[in-house]
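Heads up: the structure comes next, in structure tokens.
The values are calculated or read from the model by the stated rules, or taken from the named source; none is laboratory data. Quick caveat: nothing in here was measured; it's all calculated off a predicted structure. In this analysis, Cβ positions are derived from the backbone assuming ideal geometry, glycine residues included, and neighbour counts consider all displayed protein chains.
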Amino acid sequence: MTQQHWLIIGIEENWLRALSHPIPVWGLKDRYFRDFQLLSPGDFIWMYVTKPVGGIVGIGSIKETYIDRKNLIWQEEIDAGHVIWPLRFRFQVLKILPQQRWQSERILINDLNIFWQQGFHRLTEKMATEIFKRAQRVFSIFSMANASEGASIDPVSAVREKDIEKIPEPVLDLHSTLQNQIAEIGKLQFYHTQLEYVLNLPGERKNLDVVWKREINGVPTFAFEVELSGMVEKAVDRLLFAFKQWNSKPRIIVPEEMKIRVINRINTAPREFATGTRIYNPGQISDLLDKKRQLRDIEKELGLY
């Protein structure tokens, strides 16, 4: 069955509340019941935020639909004391802009023939194709299948302290591949994942290679460093900063020959950090992603994903 495309329109506050859930959730009013019945797992949604943003900020994939007339989620429901949007669906975020870039980099679609008084639209193939073309420029994706790969949160550009001109090209390529593999693993576990997460270290600006977050604007639950060029001490220092700042779970990926240096460095750090740090080699990451994809495909076949 061909996957459908849906345009979901909502205010910024409601989107932030939806995205704060471990698995994001959206709701519709009863008047949309006929279209709601047409929603299927795997369908794509385009997340449109109304003014002052006025554009699409992300792409998602439907996970499941359900009806809930009991649990209040959005502030308007809480204030009213009853459910307003009972037709609900959970979705996986495939790609989304960080909130601070919603207004400056959103995908504009105001020129398309859309009835803006309606908050839920099943898109025609022509309209979905046009929106996808515009999304390619924002999210650097080549196909909708490609949207499920890599990080869910588009990274903010920043300069690392590494002099990349001194690092061989094959090492840089492997580093980037591992970053995207770690991000996709997290996405398969329904985390918001982000590359090059900025650390505001005293007097300098550096990044964590990958983070997994439960909320789009939340702090990192897991912090990952991929170190292939030998600067393991600096990588551990970044993880230690994240651990002290947010109690993030520290994870580092290094070749086997560098493992002893990592162990020596973390053993000079506080005991809680040392015992909580996990060290992986690149092959373990690739193998884990392969198995996660295989499990997802099996679960999809069985209708359990």
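Residue check: VAL236 meets all listed conditions (1) buried (at least 23 other Cβ atoms within 10 Å of the Cβ); (2) part of a loop (DSSP other than H, G, I, E, B) but one, namely (2). Is it true that some residue in region 170-184 is without any contact (Cβ under 8 Å) to a residue 24 or more places away in the chain and either under 20 Å from PRO98 (Cβ atoms) or assigned by TED's automatic domain parsing to the domain that holds ALA18 (or both)? So far as region 170-184 goes, yes, one or more of its residues are without any contact (Cβ under 8 Å) to a residue 24 or more places away in the chain and either under 20 Å from PRO98 (Cβ atoms) or assigned by TED's automatic domain parsing to the domain that holds ALA18 (or both). Screening LEU174 against (1) at pLDDT 65 or above; (2) under 19 Å from the mean Cα position of the chain (by Cα) leaves a single unmet condition, (2).
Scan region 242-293 for residues that are over 22 Å from the mean Cα position of the chain (by Cα) and either part of a helix (DSSP H, G or I) or not assigned by TED's automatic domain parsing to the domain that holds PHE222 (or both) and the total you get is 19.
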